[in-house]
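Following: one structure in structure tokens, then a few remarks.
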Amino acid sequence: MTYFDNATNWTSYLEAANTMTDGLLVYSLMVVVFLVLFMSTLVFGKWRALTYSSFVSIVLGAFLNTAGLLDYWVLVLNGIFLVVGVFMMMQSKRTVGD
């Protein structure tokens, strides 16, 4: 546990833990947050669940990206999920209201 000796804030803790897991900690954190939010909000509809979980994942990913722990392609992938979710949610509202 000598990796955590000089860790004084959350960023240094996450950097040390991410180094110990060869960079997989942050990616697995993003996947777990996305899947837990998606599965727990699935009762409200799959497109709302996809939109909500991708939006929260983008916010979390932006914080991790500013700390230098996450690559941009994860944010872009979550952005694509967000756009697809919003588009499909808008399409489903149009067909229900007609």
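Laboratory data are not the source of any read-out in this text; all were calculated from the coordinates shown. Nothing here was measured: the structure is a model prediction, and the numbers come from that model. In this analysis, Cβ positions are derived from the backbone assuming ideal geometry, glycine residues included, and neighbour counts consider all displayed protein chains.
Quick notes on this one:
- The chain - convex hull of the alpha-carbon atoms, volume per residue in Å³: 89 Å³
- Relative contact order of the chain, defined on C-alpha pairs under 8 angstrom at six or more residues apart (%): 24 percent
- Per-residue HN-Hα couplings for segment 56-62 [Karplus 6.51, -1.76, 1.60; θ = phi - 60°; Hz; x = Gly/Pro]: 5, 5, 5, 5, 4, x, 5
- Distant-in-sequence amide contacts of G23, defined by a placed amide H-H separation under 5 Å and a gap of 5 or more residues or a different chain, comprise nothing.
- Ordered by the number of other Cβ atoms lying within 10 Å of each residue's own Cβ, fewest first, Y52, Y13, Y72 fall into the sequence Y72, Y13, Y52.
- Spin-label pair S12-K46: with each label point 7 Å from Cα along the Cα-Cβ axis, the two points sit 4.7 nm from one another.
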